[in-house]
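Peer 1: Structure in structure tokens, see below.
The values are calculated or read from the model by the stated rules, or taken from the named source; none is laboratory data. Computed from a prediction, not measured in an experiment: that's the story for all the values here. Here the Cβ is made from the backbone with ideal geometry for all residues, glycine too, and neighbour counts use every protein chain on show.
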Amino acid sequence: MIKAGIIGATGYAGAELARLLARHPKVEISGVVSKSYVGERFSSIYGNMFTILDRDCTGEDLAKLAQKVDVVFTATPQGFLSQCLTSAILEEARIIDLSADFRLSDVSVYEKWYKIKHGSPELLEEAVYGLCELYREDIRETRLVANPGCYTTCSILAAWPLVKNGLIDPKTLIFDAKSGTSGAGRGAKTANLFCEVNENIKAYGVATHRHTPEIEQELSIAAGEEIRINFTPHLVPMNRGILITAYATCQEGISAEDIRAAYEKCYGEEYFIRLLPEDVCPETKWVEGSNFVDIGFCLDERTGRVILMSALDNLVKGAAGQAVQNMNLMFGFDEKEGLDGVPFFP
């Protein structure tokens, strides 16, 4: 058994972490930190956790919590962890950060896109990008995991095999993304009110969304050259889920069999990535509540382009589930431990 603490436990991602860790057979939740709800019982904030996690929320700081647990999950706003993380804290506990503070290897890119001064750039080199299917062995050895963003996980996993194997021109990649409202967090915002979201769909962060450089960073690694992509997210009136539809120009002579072979080569043994049969398109409903990513594609021979599609639950594989998957790797547990539940339906 290991002991885990969650900072930012009462946000949607933090609460999803609590839900997943509460049923993990090798984890004891030893600290739930929420400065907005200090002294309040966690199960009074999230009634689904009644009798399951009745621990009171605390305002404990990272350094003190790290002395009591083996791993700390930080489901916190951008800038929080970089301002308080030190090498001394990493000597006490491993850290899995669900913010963007350690995802981008170039501190200047982080500061440009997030408009925040990075507080601990000296630790960036130690951080491992926590996309388990791509960096599994590095994750096992690190003390600091940068848990990927939800849009980025869905986008990178859809495109990586084709970029890595040179089947498409990566500079032609265009990502169209749609997400449920939980991706915007639990804070009260007019734009997220029921009357604003219901019966509506809208683009946002057009050409400025902060997940763009994260996708570019990882796909540039796959391509072996710097690439730029277009990424446009949309808000849709549902609680959970992300659907990515991406478009790219194929290299000359590429067939549908070549594309499927590339996916099979990369993901054929991956439990959490489900490659769909030909002519089957991913749907958010079929991954809801799970750590699965469903991927499909269509080769448009008329235009010479491939259409890539992927779906995941933004709170699970896009956040908390991926964080637990990273934890399993870091502590030598079965990677599926606590994550092998069947998707919800309906």
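Peer 1: Could you run through region 20-44 and say how many residues are on the phi < 0 side of the Ramachandran plot and surrounded by fewer than 19 Cβ atoms within 10 Å (Cβ to Cβ)?
Peer 2: Result for region 20-44: 14.
Peer 1: Name every residue in region 90-114 that is crowded, with 24+ Cβ neighbours inside 10 Å and either in a helix (DSSP H, G or I) or at positive phi (or both), in order of residue number.
Peer 2: Listed by number, the list holds a single entry, 110.
Peer 1: Looking only at region 38-51, which residues are more than 25 Å from the chain's Cα centre (by Cα) and either assigned to a loop (DSSP other than H, G, I, E, B) or at pLDDT below 95 (or both)?
Peer 2: Of everything in region 38-51, those that are more than 25 Å from the chain's Cα centre (by Cα) and either assigned to a loop (DSSP other than H, G, I, E, B) or at pLDDT below 95 (or both) turn out to be 38, 39, 40, 50, 51.
Peer 1: Has region 177-187 got any residue that is charged (D, E, K, R) and not assigned by TED's automatic domain parsing to the domain that holds residue 245?
Peer 2: Scanning region 177-187, I find no residue that is charged (D, E, K, R) and not assigned by TED's automatic domain parsing to the domain that holds residue 245, so the answer is no.
Peer 1: Now a separate question. Cβ contacts < 6 Å: first residue assigned by TED's automatic domain parsing to the domain that holds residue 231, restricted to region 141-170; second residue hydroxyl-bearing (Ser, Thr, Tyr) and part of a helix (DSSP H, G or I), any location; separation 6+ or different chain. Result?
Peer 2: Close Cβ pairs satisfying both conditions: 161/263.
Peer 1: In the list 266, 281, 250, which residue meets the criterion of being over 30 Å from residue 12 (Cα atoms) and touching a Gly at 6+ places or on another chain (Cβ under 8 Å)?
Peer 2: 250
Peer 1: Turning to a different aspect of this structure: For region 272-319: of the residues being more than 20 Å from residue 233 (Cβ to Cβ) and of a type in the set (A, V, I, L, M), which is surrounded by the fewest Cβ atoms within 10 Å (Cβ to Cβ)?
Peer 2: Checking each candidate, the answer is 280.
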